[in-house]
Amino acid sequence: MSRAAIRYAKAILETAVSNSNSLKVNEDMLSIATSINGSAELSDFLSSPIISTEVKMGALSEVFTSVQSETKSLFRLLQENKRFEILADISKQYNAQYDVLNGVEVAKVTTAFPMNAELESKVLAKVATISNKKITIENIVDPSIIGGFILRIGDKQYNASVANRLQELKREFSN
């Protein structure tokens, strides 16, 4: 994450907050991050030094027609400074700063398979014992943990994975 992306995100967030529009701009930024991360072509297009900033600006205006005025201002600023390649980083940074501002913390939950509603409710129950903030869950799938889950919130980690239990048993038997 570049320092420039952090500065742009902070400036856009401050503007959006002063205009009481930070939620809508956050939705824009989520859409932008999803679009760029989901499309190698769009990412390559924005990063290409061959394509002019005017063409990039035109394309972004076509793709993101219904974005907020603050987001359009960001596009113009990136055009002036020839920095379209950091748009994805700016959008991710905006989302992170927006969450911090609103007291939302991200819980990273590693599971052996995609989470279902039952497991998600168990994880949220565990989260309530660790943090009193609003939590959004990010699921990471890692078959090597065999089963259970690993929960990470900030610098705290709770490991309820089968692989971890097996490691503990192995340590007990080796002593």
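The values are calculated or read from the model by the stated rules, or taken from the named source; none is laboratory data. Keep in mind that what you see is a predicted model, and the values were worked out from it rather than measured. No Cβ is skipped: glycine too gets one built from the backbone with ideal geometry, and neighbour counts run over all protein chains shown. The area values use the complete protein model at the heavy-atom level, side chains included, leaving out ligands, DNA and RNA. Shrake-Rupley method; radii C 1.70, N 1.55, O 1.52, S 1.80 Å.
Quick grid of which residues meet (1) at pLDDT 95 or above; (2) among the hydroxyl-bearing types (Ser, Thr, Tyr); (3) crowded, with 18+ Cβ neighbours inside 10 Å:
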{"residue": "Thr65", "(1), (2), (3)": "no, yes, no"}
{"residue": "Gln68", "(1), (2), (3)": "yes, no, yes"}
{"residue": "Thr71", "(1), (2), (3)": "yes, yes, yes"}
{"residue": "Arg76", "(1), (2), (3)": "yes, no, no"}
{"residue": "Glu80", "(1), (2), (3)": "yes, no, no"}
{"residue": "Ile86", "(1), (2), (3)": "yes, no, yes"}
Just for segment 103-121: of the residues that are surrounded by 13 or more Cβ atoms within 10 Å (Cβ to Cβ) and more than 26 Å from Gln93 (Cα to Cα), which one is modelled with the highest pLDDT? Ala112
Looking at Tyr158, Tyr94, can you tell me which residue is hydroxyl-bearing (Ser, Thr, Tyr) and under 30 Å from Ser35 (Cβ atoms)? Tyr94
Mind listing just one residue for me: the one in segment 122-140 that is among the hydroxyl-bearing types (Ser, Thr, Tyr) and touching a residue at least 24 places away in the same chain (Cβ under 8 Å) and, of those, surrounded by the most Cβ atoms within 10 Å (Cβ to Cβ)? Ser131
Mind checking which pairs have a first residue in segment 141-166 that is in contact (Cβ under 8 Å) with a residue 12 or more places away in the chain and under 16 Å from Glu105 (Cα atoms) and a second that is aromatic (Phe, Trp, Tyr) and open to solvent by 60 Å² or more (accessible area, probe 1.4 Å), Cβ under 6 Å, 6 or more apart or different chains? Leu151/Tyr158
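Quickly run through segment 97-121 and pick out the residues that are touching a residue at least 60 places away in the same chain (Cβ under 8 Å) and among the aliphatic types (A, V, I, L, M). First the steps, then the outcome.
Keep residues of segment 97-121 that are touching a residue at least 60 places away in the same chain (Cβ under 8 Å), which gives 97-98, 101.
Within segment 97-121, just Leu101 meets the criteria.
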So Ser43 passes all but one of these: (1) open to solvent by less than 30 Å² (accessible area, probe 1.4 Å); (2) closer than 28 Å to Val141 by Cβ; (3) not acidic (Asp, Glu). Which condition number does it fail? (1)
Any residue in segment 1-23 that is under 10 Å from Tyr94 (Cα atoms) sitting within a Cβ distance under 8 Å of a residue that is among the charged types (D, E, K, R) and open to solvent by less than 60 Å² (accessible area, probe 1.4 Å)? List the pairs, counting only those 6 or more apart or interchain. Ala5/Asp89; Ile12/Glu70
Criterion first (open to solvent by 20 Å² or more (accessible area, probe 1.4 Å) and of a type outside the set (Ser, Thr, Tyr)) does Met57 satisfy it? yes
